[in-house]
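So the structure is just underneath, and the comments pick up after that.
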Amino acid sequence: MNGAVKLSGRCGRCRISRSDKVAGSIHLVELEIRDCPVDLERPRPGQFFQVKCADGPEHILRRPLSVHGITQWDEPGHSLELLVEDVGWGTHRLCSLSVGSEVELLGPLGRGFEMPRAGKALLVAGGMGIAPLFFMAREMDHVDAGYDLVAGFKSGDCAYAPLACLKGGGVLCTEDGSAGEKGTAVGKAAGYMERSVYSMIYVCGPEAMMAEMSRLAEKADIPCQVSLVSRMACGIGVCRGCARPGRNGDNLCVCREGPVFDSTRVEWICVQ
Amino acid sequence: MVDLSIKLAGIDLKSPLVLASGTAGYGVELASICGYSGLGAVTLKSLTIMPRPGNRSPRVWETTGGMLNSIGLENAGVDAFLSDFLPQLNELGVPLIVSIAGETAGEYALLARRISGAPGSIVAIEVNVSCPNVEKGGLMFGAEPQASGAVTSAVVENTGLPVFTKLSASVFDIVRIAEAVAAAGASGLSLINTLPGMAINPVTGYPRLGTVSGGLSGPAIKPVAVKAVWDCYRATGLPVIGGGGVYNALDVVEFMRAGATAVSIGTATFQNPCRFEQIACELPDIMNRTGALRPADLVGSVKV
């Protein structure tokens, strides 16, 4: 994951073909690419789109949303799935848009996960971190790569992980035990690491959870890729709004060099 | 047929549209997503002598009609810029305005010398005076006329390039500062920098920015910027690169009416990296509606 990234993002308008509330405040928004005037590049797991939630000068910044899935990308009528949590003005508006509404996308942007070359992978998702890792699991299914997926949530009312449609092994857990098994994503992942041998660990979730998973991976000497979350403005590396410290005294530009980084490059920020 | 070309402090530019410092990176990033057609010049993010890591995150927060930022002048330093970015930029052929920021007047002078000796597309220097003056207890240079003039002089004496001093409108009397900068030999003014602002998460009580407060930009600050351009243009007669919340071609013409020779597009680039191209397409039609044949016809034409 070194070297310069060629920027591939392009703007295009897409039509919402489906918008369903799948859990708590989480919506699955499907965008039809068919009428999009610009050919969007095929996104890779971990990449994101900058989504314009409204036209006009009142709300200037786009919202960076990770790709949750793609369908029939190389055929007419292909679509893109975004998992959106209704947490503020922009995401609320996006979740409120009805089927048929148009949305402008910029992307796909950033650097995604690298596929494992061999062996079995462990995918560990916390909360909305399921969005890119579910996409990763489906892409691994396409190439018959082996993996286990741990999807952890606070409670059942905000849990969304349709594991049944995946080929790999996996478990859904909640901290309060109200859905799936009781326990945290990190706790379950540690159990998996004791029972199986993994060649790569992929993590996306809250900062503290990713920090803990990175420590476990580094202790076990397993390469670990983490997908970071950072507030951003441009999404293409010009404003440096998303930059955060790296472990080697450098800065990590999350939107352009990431959002996926090797865990050994990340300086974890203490979570209050 | 509208002719968009302008002469800005002796520089011939094919368009009055300029990308604002800090919203176009080092100029190479946007070039890979949109061409630079329709653009007069790109102002690069401020350079300092040594590399700067910038501020702690979060560094950005959206507000109604704008955003707050506290990037903290993160940049690679002037030497890395000259060796790593300028050669690529020279190949693009777009005129460059290089923004510089220092902690002492001597640092500004040194930066001006380093920039002036560089080959290629650099057509002007923009002096970012919204930086703490470490020799004067950290007060921002741009907060008072004498320091603004001193920094401008330091740059003017060390370059043959036109010098535009970028002023903050968050001062007691921007006209006095503009006059001091004019007296110090500035070729023109760049107006305005971000305004100080702050946002708090009402539920958790934490500030939205890692540095507690930051700079407000975007359409919300446009009326403040238009007045600053009008006041400074009228008082000094210097050419002005005007901007602050420019969103469309109507805004561009509004700034010209207030006295801007060139108009900078900043935060709007974050909504759409190719926004300037759309504005460049809309501009001839808007100018036609005013009866103007060229941008110069509109400069300072507000009917008061």
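For this structure, a couple of remarks:
- Candidate set from the stretch B:54-69 (those that are in a strand (DSSP E or B), surrounded by 22 or more Cβ atoms within 10 Å (Cβ to Cβ) and not small (Gly, Ala, Ser)); member that is farthest from the other protein chains (Cβ to nearest Cβ): B:Leu68
- Of all residues in the stretch B:270-280 being of a type outside the set (A, V, I, L, M) and under 10 Å from B:Asn248 (Cα atoms), the one that is farthest from the chain's Cα centre (by Cα): B:Gln278
- B:Gly237 over 17 Å from the mean Cα position of the chain (by Cα) and surrounded by fewer than 24 Cβ atoms within 10 Å (Cβ to Cβ): yes
Here's the yes/no breakdown for (1) buried (at least 18 other Cβ atoms within 10 Å of the Cβ); (2) touching a Lys or Arg at 6+ places or on another chain (Cβ under 8 Å); (3) among the polar types (S, T, N, Q):
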{"site": "B:Ser170", "(1), (2), (3)": "yes, no, yes"}
{"site": "B:Leu189", "(1), (2), (3)": "yes, yes, no"}
{"site": "B:Pro223", "(1), (2), (3)": "no, no, no"}
{"site": "B:Met256", "(1), (2), (3)": "yes, no, no"}
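- Test result for B:Ser83, among the polar types (S, T, N, Q), away from chain A (no Cβ under 11 Å) and surrounded by 24 or more Cβ atoms within 10 Å (Cβ to Cβ): no
- Among residues of the stretch A:190-223, those that are over 12 Å from A:Lys120 (Cα atoms) and of a type in the set (Val, Ile, Thr), counted: 1
- Residues in the stretch B:22-53 that are within 17 Å of B:Gly102 (Cα to Cα), in a loop (DSSP other than H, G, I, E, B) and free of Cβ contacts under 8 Å to residues at least 40 places away in the same chain: B:Met50, B:Pro51, B:Pro53.
- Verdict on B:Ala183 being farther than 22 Å from B:Thr43 by Cβ and in contact (Cβ under 8 Å) with a residue 60 or more places away in the chain: no
- Test result for A:Gly237, over 18 Å from the mean Cα position of the chain (by Cα) and at positive phi: yes
- Inside the stretch B:11-53, residues that are crowded, with 20+ Cβ neighbours inside 10 Å, more than 15 Å from the chain's Cα centre (by Cα) and within 7 Å of another protein chain (Cβ to nearest Cβ) make up a count of 1.
- The set of residues in the stretch A:227-266 being assigned to a loop (DSSP other than H, G, I, E, B), more than 10 Å from every other protein chain (Cβ to nearest Cβ), at pLDDT 95 or above and farther than 19 Å from B:Ser32 by Cα consists of A:Leu228 alone.
- Residue count for the stretch A:58-93, restricted to those that are assigned to a strand (DSSP E or B) and either more than 14 Å from chain B (Cβ to nearest Cβ) or over 22 Å from A:Cys242 (Cβ atoms) (or both): 14
- Odd one out for B:Gly72 among (1) touching a residue at least 60 places away in the same chain (Cβ under 8 Å); (2) closer than 28 Å to B:Gly245 by Cα; (3) outside any loop (DSSP other than H, G, I, E, B): (3)
- Residue match in the stretch A:19-35 (condition: closer than 28 Å to A:Gly237 by Cβ and within 14 Å of chain B (Cβ to nearest Cβ)): no
- Checking each residue in the stretch B:1-10 for being surrounded by fewer than 17 Cβ atoms within 10 Å (Cβ to Cβ) and either within 14 Å of chain A (Cβ to nearest Cβ) or in a strand (DSSP E or B) (or both) picks out only B:Lys7.
Rundown of residues vs (1) more than 14 Å from every other protein chain (Cβ to nearest Cβ); (2) farther than 21 Å from B:Cys34 by Cβ; (3) in a loop (DSSP other than H, G, I, E, B); (4) in contact with a helix residue (DSSP H, G or I) (Cβ under 8 Å, 6 or more places away or on another chain), yes/no style:
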position	(1), (2), (3), (4)
B:Pro223	no, yes, no, no
B:Val226	yes, yes, no, yes
B:Leu238	yes, yes, yes, yes
B:Met256	yes, yes, no, yes
B:Glu277	no, no, no, no
B:Val299	yes, yes, yes, yes
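- Within the stretch B:162-173, residues that are in contact (Cβ under 8 Å) with a residue 60 or more places away in the chain sit with their Cβ atoms under 7 Å from residues that are in a strand (DSSP E or B) and polar (S, T, N, Q), at 6+ positions apart or across chains, in these pairs: B:Phe164/B:Ser190; B:Lys166/B:Asn128; B:Lys166/B:Ser190.
- Flag for A:Leu61 being over 20 Å from A:Val143 (Cα atoms) and modelled with pLDDT under 95: no
- For the stretch A:120-134, the condition of being among the basic types (Lys, Arg) and under 26 Å from A:Ser230 (Cβ atoms) holds for none of the residues.
- Residue match in the stretch B:208-219 (condition: within 14 Å of chain A (Cβ to nearest Cβ), under 24 Å from A:Arg13 (Cβ atoms) and touching a residue at least 40 places away in the same chain (Cβ under 8 Å)): yes
The values are calculated or read from the model by the stated rules, or taken from the named source; none is laboratory data. All values derive from a computational prediction rather than experimental measurement. Neighbour counts run over all protein chains shown; Cβ positions are idealised from the backbone, glycine included.
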